[in-house]
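The values are calculated or read from the model by the stated rules, or taken from the named source; none is laboratory data. None of the values given here were measured: they were computed from a predicted structure. Note that we place each Cβ from the backbone using ideal geometry, even for glycine, and neighbour counts take in every protein chain shown.
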Ligand code: ADP
């Protein structure tokens, strides 16, 4: 032990001694106290982990007392109620000494308010922090402390909160001088603050490590993503981009060092890259709070001259805290869809070639069928004049005529399909042209219903014309194509014998002065059936190219999912709209509008 600290703190006074002398003694004692506290303060401040605090504590306490062991019980996590118990022996202790220590620590913990912690749990939690020289001796040599003679428990307090218990144990009775209690409490306070600091630092380091690991994990995910990802600031300048985005940029001839931190508009002008203008536009929309999905942009071309097509989705990037939401920039996901586009192009070319090829034999079949029908009709007319009427219907020619009528109606159906396929190619090439003329919509509807009724003799097709005047300027054959497609579906997707209702009404045909106007307003055509209906979740999809509802009811009918797509394209090309209402199992009504005079979009 370094000198006798106890004597350093003995501040005796005597009534016989002169005041100056007495004051001098007090000052000396005070100075010694200060020096001692300063020395231990430095020891604790220098400790950077809990073991160093333990050893600083042990060294300090050993200057005051002789004892066999000390222990530090520390609250690990006040919420989860976990504890750390370190036992620091000064020399070897027996098994029973340990057990007694644990029992007394458990009791002290309970007294100090740490409820619910048992001696068994403490025994499991305890950590033997033996000084190095003690730990190194293989077998404990004499003396071995065998039972506790005296002990002292002092709360470890930080800002009036008890964070643990410091306990001292000795094998001899009366080992702890109560005169030193105040000083021991001060030392415990130093230790408590040092331990609390270590604990905070440990927690901070653990959090930092966790955050760092998370950051590294995210970085790994982003860098191994197949999609290009780029982040911009609020000014629309790219601040970071992952490997895939760098690769895509390189395909367009741009390198990271040339693009980072420059606002995209400026970059587009610098690089003379129109696609960057488009990217800037999309990013600006996101910076204005909008989410943009799958916007297609041609960003250059591959080596073989194939256009490099990117699908770009952008969303605003916010810093959301409890108190505020701040826009940081935008995040964009770039997908190279060039190969999909190529496949689509091949598909379109295939469809176009096949439909052209089909048209030639189809025209021949149609022509010869009509020719045969006309010949048989002529023969039957002649037979009619020569024989009684009831025998004519039993002639083989009458059978042939019925068969040929079916062939003709099926050929018409096939022709419509082939025309739809051809139209599809035209739409894909942006080559669908309208040849408008003036006609009565009611006439076209009546003709379509008549034709449909021929092939659907089991269905009852009803036509309701609610408008006296149905004059319209539109592409007549295209309009009948729309009606044909919708009507065909109504028949196809409803059971035999059911009714299909076609309605025509005029809407908003008055001009701004309340007069009937031939220019303004539109016609509303609806086709209702009593068939299988369409679930609302498919309402938007069924107007998409090649989309067919995949449920048991729809799959019983053949089709290629193109009729409604073409109908939509034609209606919209006239400036109209197409939609439906439906009750699953109780039928559907398809509506479309056509302006009296087309409003080309
Ligand atoms: P297709 O009939 O050749 O499949 P369409 O484009 O004409 O293609 O129709 C797309 C899908 O919409 C159909 O597959 C069918 O599932 C659904 N559909 C269209 N019309 C009706 C209808 N009247 N009743 C029920 N379902 C319909």
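Numbers at a glance
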{"read-out": "Failed criterion for residue 35 (all others in (1) touching a strand residue (DSSP E or B) at 6+ places or on another chain (Cβ under 9 Å); (2) farther than 20 Å from residue 165 by Cβ hold)", "value": "(1)"}
{"read-out": "Any hit, region 107-120, residues being outside any loop (DSSP other than H, G, I, E, B) and at pLDDT below 80", "value": "no"}
{"read-out": "Pairs with Cβ under 6 Å, 6+ apart, first in region 488-505 and under 20 Å from residue 523 (Cα atoms), second within 12 Å of the ligand (Cβ to nearest atom) and assigned to a helix (DSSP H, G or I)", "value": "500/490"}
{"read-out": "Hits in region 560-588 - residues which are within 9 Å of the ligand (Cβ to nearest atom) and over 19 Å from residue 475 (Cβ atoms)", "value": "560, 561, 580, 582, 587, 588"}
{"read-out": "The listed residue being at pLDDT below 80 and touching a strand residue (DSSP E or B) at 6+ places or on another chain (Cβ under 6 Å), out of 3, 76", "value": "76"}
{"read-out": "Condition met for residue 281 (without any contact (Cβ under 8 Å) to a residue 12 or more places away in the chain, out of contact with any strand residue (DSSP E or B) (no Cβ under 7 Å at 6 or more places or on another chain) and closer than 25 Å to residue 343 by Cα)", "value": "no"}
{"read-out": "In region 273-296, the residues that are more than 23 Å from the chain's Cα centre (by Cα) and not in a helix (DSSP H, G or I)", "value": "273"}
{"read-out": "Filter pass, residue 298 being without any contact (Cβ under 8 Å) to a residue 60 or more places away in the chain and closer than 25 Å to residue 222 by Cβ", "value": "no"}
{"read-out": "Strands (runs of 3 or more DSSP E) lying entirely in region 450-559 (those with 1 or more residues that are within 16 Å of the ligand (Cβ to nearest atom) and surrounded by fewer than 21 Cβ atoms within 10 Å (Cβ to Cβ))", "value": "460-465, 499-507, 522-528"}
{"read-out": "Index of the failed condition, residue 258 passing every other in (1) under 18 Å from residue 277 (Cα atoms); (2) more than 25 Å from the chain's Cα centre (by Cα); (3) surrounded by 15 or more Cβ atoms within 10 Å (Cβ to Cβ)", "value": "(3)"}
{"read-out": "Residue match in region 427-442 (condition: touching a strand residue (DSSP E or B) at 6+ places or on another chain (Cβ under 7 Å), in a helix (DSSP H, G or I) and under 26 Å from residue 503 (Cα atoms))", "value": "yes"}
{"read-out": "Strands (runs of 3 or more DSSP E) (entirely within region 137-250) containing at least 3 residues that are buried (at least 18 other Cβ atoms within 10 Å of the Cβ)", "value": "150-158, 161-170, 228-233"}
{"read-out": "Close pairs (7 angstrom Cβ cut-off, 6 or more residues apart or separate chains): at positive phi in region 20-42, at pLDDT 85 or above anywhere", "value": "none"}
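Yes/no per residue for (1) closer than 30 Å to residue 398 by Cα; (2) assigned to a helix (DSSP H, G or I); (3) under 42 Å from the mean Cα position of the chain (by Cα):
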position	(1), (2), (3)
303	no, no, yes
354	no, yes, yes
363	yes, yes, no
370	yes, yes, no
374	yes, yes, no
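Quick grid of which residues meet (1) in contact with a strand residue (DSSP E or B) (Cβ under 8 Å, 6 or more places away or on another chain); (2) modelled with pLDDT of 95 or more:
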| residue | (1), (2) |
| --- | --- |
| 276 | no, no |
| 285 | yes, yes |
| 291 | yes, yes |
| 299 | yes, no |
| 302 | yes, no |
| 306 | no, no |
| 311 | yes, yes |
| 315 | yes, yes |
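Residue-wise test of (1) touching a helix residue (DSSP H, G or I) at 6+ places or on another chain (Cβ under 9 Å); (2) under 30 Å from residue 42 (Cα atoms).
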{"position": "169", "(1), (2)": "yes, yes"}
{"position": "178", "(1), (2)": "no, yes"}
{"position": "183", "(1), (2)": "yes, yes"}
{"position": "187", "(1), (2)": "yes, yes"}
{"position": "190", "(1), (2)": "yes, yes"}
{"position": "202", "(1), (2)": "yes, yes"}
{"position": "209", "(1), (2)": "no, yes"}
{"position": "255", "(1), (2)": "yes, no"}
